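Only one structure is covered here, and it is reproduced in the block below.
The values are calculated or read from the model by the stated rules, or taken from the named source; none is laboratory data. Because the structure is a prediction, the values reported are computed rather than measured. Here Cβ is always computed from backbone atoms with ideal geometry, including for glycine, and neighbour counts include all displayed protein chains. Side chains are part of the model used for accessible areas, which takes the heavy atoms of the whole protein and leaves out ligands, DNA and RNA. Shrake-Rupley method; radii C 1.70, N 1.55, O 1.52, S 1.80 Å.
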Amino acid sequence: MNWLENILIIAGISLDIFASMEIEGAMLAVVKRKSLVIACALVTLLQMIFYFGGYFICYQIAEHGLLPQAENWGYVISIIVFAAVGVRLLVKGIKKEFVNEKRQDNLEVGKYIRIICVTSCYTLAIGCACGLVGSTGLSLWCNFCVILICSVLVTVGGLYTGYHFGFETKTVAYYVGAILLWAAGIEILCRVVLHIF
C-alpha cells in the first residue's frame with residue numbers, strides 16, 4: 001500500500017478513538033498533564049502492538065507461501081475492512097448513542113481501554129492486510145510515524161475538544177473517519193483491481 005492509503009487508513013480508524021476521548025474530555029473538571037501523557041502512551045502502544053502484530057504474522061504467512069496469492073488476499077481484506085469500519089462509524093454517527101454525563105476529577109483511561117481495544121482490532125486487520133501485500137522498509141517506518149502522530153493527535157485533540165466544546169462534535173469525527181476509510185478503499189479498488197490509476 002502506498003503512503004496516501006496508509007495515512008487515510010490510520011487517520012480514519014483513529015477518529016473513532018478521537019470521539020471516545022472527546023466524550024471523556026467533556027466530563028473532566030480539569031485536564032491533568034500526567035493523565036494526558038498516560039492516555040497518549042496507552043493509545044499509541046495499543047495501536048502499535050495491534051498493527052505490527054498483525055503485520056508480522058501475515059508477512060510471515062506470505063513469505064513462507066502458506067497462503068497462495070497473499071497479495072491479492074491482502075487487498076481484498078483491506079477493502080472489506082475499510083468498507084465495514086466505515087459503515088460502523090457511519091452507524092455510530094447516526095445513532096448518537098446516549099452518554100451518561102458525570103463530572104469527574106481525573107481521566108479514567110481504564111474505562112476506555114475496551115473501546116480502544118475494539119478500534120485496535122481494526123488496526124490489527126489493517127496490519128494483516130499490509131503484511132499480506134508485502135509492505136516493507138520505508139512503508140513500515142511511514143506507518144510507524146503515522147500511527148504515533150495520529151494516536152497522540154486524536155488523544156490530545158479529543159480530550160481538549162470535549163473539555164472545551166462538549167461531546168456533540170463526535171458525530172463529525174465518525175463521519176470524517178468513514179469518508180477517509182471509504183476513500184482509501186476506493187483508491188485501492190481503482191488502483192489495484194480496476195487498474196485505473
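Every residue, every condition in (1) modelled with pLDDT under 80; (2) of a type in the set (A, V, I, L, M, F, W, C); (3) in contact with a Pro (Cβ under 6 Å, 6 or more places away or on another chain), yes or no:
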| position | (1), (2), (3) |
| --- | --- |
| 115 | yes, yes, no |
| 148 | no, yes, no |
| 155 | no, no, no |
| 161 | no, no, no |
| 167 | yes, yes, no |
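Quickly run through the stretch 139-197 and pick out the residues that are over 15 Å from the mean Cα position of the chain (by Cα) and aromatic (Phe, Trp, Tyr). Within the stretch 139-197, 141, 160, 163, 165, 167, 197 qualify. Out of all the residues in the stretch 42-52, is one or more out of contact with any Leu (no Cβ under 6 Å at 6 or more places or on another chain), assigned to a helix (DSSP H, G or I) and farther than 30 Å from residue 158 by Cα? The answer is no, given that none of the residues of the stretch 42-52 is out of contact with any Leu (no Cβ under 6 Å at 6 or more places or on another chain), assigned to a helix (DSSP H, G or I) and farther than 30 Å from residue 158 by Cα. Scanning the stretch 14-61 for residues that are of a type in the set (Ser, Thr, Tyr), closer than 27 Å to residue 178 by Cα and at pLDDT below 85 gives a single hit, 20.
Out of the stretch 15-69, which residues are among the aromatic types (Phe, Trp, Tyr) and surrounded by fewer than 16 Cβ atoms within 10 Å (Cβ to Cβ)? Quick ask: steps written out before the conclusion?
The initial filter retains those residues of the stretch 15-69 that are among the aromatic types (Phe, Trp, Tyr), namely 18, 50-52, 55-56, 59.
The answer is 56, and nothing else.
What's the total number of residues in the stretch 4-14 that are open to solvent by 20 Å² or more (accessible area, probe 1.4 Å) and closer than 17 Å to residue 118 by Cβ? Within the stretch 4-14, residues that are open to solvent by 20 Å² or more (accessible area, probe 1.4 Å) and closer than 17 Å to residue 118 by Cβ number 0.
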